[in-house]
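Colleague: One structure follows; several queries about it will come next.
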Amino acid sequence: MRFFEKPLLARAPDPTSLRRALDWKARVWLHGPRGATWRNEAAQGLDLHWVTGPGAADDHAILYFHGGAYVFGSPHTHGALVAHLSRYSGVTACMPSYRLAPENPFPAAIDDARLAYDLLRDSGYRSDQIVIGGDSAGGGLALALLGQLIAEGEDLPVGVFALSPLTDLSFTAPSIRENAGCDVLLPAERAFVCAEYYLAGQDPRDPRASPLFADMQGAPPIYLTVSQREILRDDTLRMVERLNEDGAHVTLEVHAEAPHAWPLFQGLIPEARETVERVAEWINSLWQTEAGS
C-alpha cells in the first residue's frame, strides 16, 4: 500500500483520474461473498444501491456511507466490504451515491445523507430498525448525520459505527502530522486538498462537516475503529472523548499496525475480516437489546 496506493492518492492529477483508477482497482481486488444480491433504485434524485449478503434479511437495514475524502469513492468501490458486512450481520444494506466535491461541495453530502435516512424511513423502516455506518469520510458523514438528527429532535437510529472516521476538517490534531510518515495509505497533503474541495470556503468547524463539534447528547450506542499509525488517529480518539463527555456508550477498537479503514481490504489482510465480524456482532447485539426492551 505504501508503494502503490499512497502514491496514487498523492499524485493523481485531478479527482476524475483518481475516481477512475480506484474504481478499476476495486473491481480487480475487492470481491463480495458468493451469493450476494444487488439492486439499484432512484428516489428524489438520489441513487440508492442495495446489497444483501447470502442469508441476510431485509427486516432491518444498514445505511452505509462510503469513504473517499468527499471527493472519490462510490458504492461500487465499497460494495464488497458492505456485502461482507451484510453477510456476517444478516442484515441488508443500503449505500447512497451521495454527491461528491469539488463539483458538489458542502453541504451536498450531508444533505444527501439526510435524504437517504428519510427515504429509508419512508420505505417502512422504523428508526430502531436502522443502523448507520461508514468509513473514513463516510464514517464522518454517519456521525455528522447523527449529530444533525439529534439537533433537530428526530428519531435516532439504533446505533452508529464508523471505521477510521474523518471527524475534524480543521485538522487541528497532532496525528495529521505525527503520522504522516508511517500512515501507509493516506498522504497528509492530499487530505488538506480534499478538505478544501469539499468545504469550498465554508467553516470547517460546522458540525455537519466536522462531527467532532456536534452535540451528541442522547446518542445511541456507537462503535469506532482506528489504527495507531494513521493520520486520522486523533479524529477517532478525540471523537471518543467528546462522545464520553456527552454520555454516549462507545465501543472503541484500536489496532496497532493496520492501515486506514482496513475493513475495506476484505480477502487481502486478515484484520479486515476480523473487524467486520466484530462490527456485525455488535450490530446484532443492538437488535437483541431492542427486542428485549
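The values are calculated or read from the model by the stated rules, or taken from the named source; none is laboratory data. Every value quoted in this text rests on a predicted model; they were computed, and no experiment measured them. We place every Cβ from the backbone using ideal geometry, glycine too, and count neighbours over all the protein chains shown. Heads up: the accessible areas ignore ligands, DNA and RNA and are worked out on the full protein's heavy atoms, side chains in. Shrake-Rupley method; radii C 1.70, N 1.55, O 1.52, S 1.80 Å.
Colleague: List the equivalent ellipsoid semi-axes of the chain in whole Å, largest first, each obtained as the square root of 5λ for an eigenvalue λ of the Cα gyration tensor. Display every interim value, and only then the final one.
Modeller: Details: eigenvalues 129, 94, 74 Å².
That gives 25, 22, 19 Å for the three semi-axes.
Colleague: With Kirkwood's inverse mean 1/r over C-alpha pairs for Rh, give me the Rg to Rh ratio of the range 201-292, two decimals please.
Modeller: Values: Rg = 14.9 Å, Rh = 14.7 Å.
Ratio value, two decimals: 1.01.
Colleague: Rounded to whole Hz and in sequence order, give me ³J(HN,Hα) for the range 268-283 from the Karplus expression 6.51 cos²θ - 1.76 cosθ + 1.60, θ = phi - 60°, writing x for Gly and Pro.
Modeller: So the J values, rounded to whole Hz, are 10, 9, x, 4, 4, 5, 4, 6, 4, 5, 5, 4, 4, 5, 5, 4.
Colleague: Looking at the chain only, what percent of DSSP beta bridges run antiparallel? Nearest 5 please. Before the final figure, lay out the partial values.
Modeller: Numbers: 11 of 35 bridges.
Percentage antiparallel, nearest 5: 30.
Colleague: Considering only protein heavy atoms, what per residue accessible area in square angstrom results for the chain with a 1.4 angstrom probe?
Modeller: On the way: 11950 Å² over 293 residues.
Roughly 41 Å² per residue, with all protein chains present.
Colleague: Next question. Given the DSSP H assignment, sum -39500 (n - 2.57) over each helix run of at least 4 residues in the chain and divide by its residue total; what's the result at 222 nm in deg cm²/dmol, nearest 500? Don't skip to the answer; put the middle values down first.
Modeller: Numbers: 9 runs with 119 residues, N = 293.
Estimated from H runs of four or more residues: -13000 deg cm²/dmol.
Colleague: List the chymotrypsin sites (Phe, Trp or Tyr not before Pro) within the range 196-293 that fall in a DSSP loop (any state other than H, G, I, E or B) and whose Cβ has at most 10 other Cβ atoms within 10 Å. Don't skip to the answer; put the middle values down first.
Modeller: Values: sites: Y197, Y198, F213, Y223, F265, W282, W287; in loops: F265.
For chymotrypsin sites (Phe, Trp or Tyr not before Pro) across the range 196-293 that sit outside H, G, I, E and B with at most 10 neighbouring Cβ atoms in 10 Å, the list is empty.
Colleague: Roughly how many percent of the accessible protein surface of the range 16-173 is carbon and sulfur, given a 1.4 Å probe and a whole-percent answer? Write down the numbers at each step before the final one.
Modeller: On the way: 2640 of 5510 Å².
Here carbon and sulfur together make up 48 percent of the probe-accessible area.
Colleague: Which of rounded, prolate, oblate describes the range 13-157, given a ≥ b ≥ c as roots of the alpha-carbon gyration tensor eigenvalues and a/c under 1.5 marking rounded, otherwise prolate only if a/b is larger than b/c?
Modeller: Details: a/c = 1.92, a/b = 1.08, b/c = 1.78.
Because a/c hits 1.5 or more and a/b fails to exceed b/c, the range 13-157 counts as oblate.
Colleague: What are the extents of the Cα atoms of the range 90-181 along their three principal axes, in Å, largest first?
Modeller: In descending order, the Cα extents are 47, 30, 27 Å.
Colleague: To continue, here is another question. Using θ = phi - 60° and the Karplus curve 6.51 cos²θ - 1.76 cosθ + 1.60, what whole-Hz ³J(HN,Hα) does each residue of the range 93-102 get, with Gly and Pro shown as x?
Modeller: My calculation for the range 93-102 gives 9, 10, 10, x, 8, 5, 5, 10, 7, x Hz in order.
Colleague: While we're here: Give, in nm to one decimal, the length gained when the segment between R99 and S170 is fully stretched (0.36 nm per residue of separation minus the Cα-Cα distance). Walk me through the numbers before you get to the answer.
Modeller: Numbers: separation 71, 0.36 × 71 = 25.56 nm, distance 2.12 nm.
Stretched out fully, the R99 to S170 stretch lengthens by 23.4 nm.
Colleague: Modelling each spin label as a point 7 Å along the Cα-to-Cβ direction, I'd like the E152/S127 distance in nm, to one decimal.
Modeller: Computed distance between label sites E152 and S127 equals 1.1 nm.
Colleague: Okay, moving on. Indicate the gyration tensor shape class of the range 127-176 (rounded, prolate or oblate), computed on the Cα atoms with a ≥ b ≥ c the square roots of the eigenvalues: a/c under 1.5 is rounded; otherwise a/b larger than b/c is prolate and the rest oblate. Before the final figure, lay out each step's value.
Modeller: Details: a/c = 3.76, a/b = 1.81, b/c = 2.08.
The shape class here is oblate.
Colleague: Another one. Give me the percent of DSSP beta bridges within the range 1-142 that run antiparallel, rounded to the nearest 5. The partial results should precede the final answer.
Modeller: Details: 11 of 20 bridges.
For the range 1-142, the DSSP antiparallel bridge percentage is about 55.
Colleague: Going by the alpha-carbon gyration tensor, a ≥ b ≥ c the square roots of its eigenvalues, is the range 246-288 rounded (a/c under 1.5) or, if a/c is not under 1.5, prolate (a/b greater than b/c) versus oblate? List each step's numbers first, then the result.
Modeller: On the way: a/c = 3.26, a/b = 1.52, b/c = 2.14.
Cα axes put the range 246-288 in the oblate bin.
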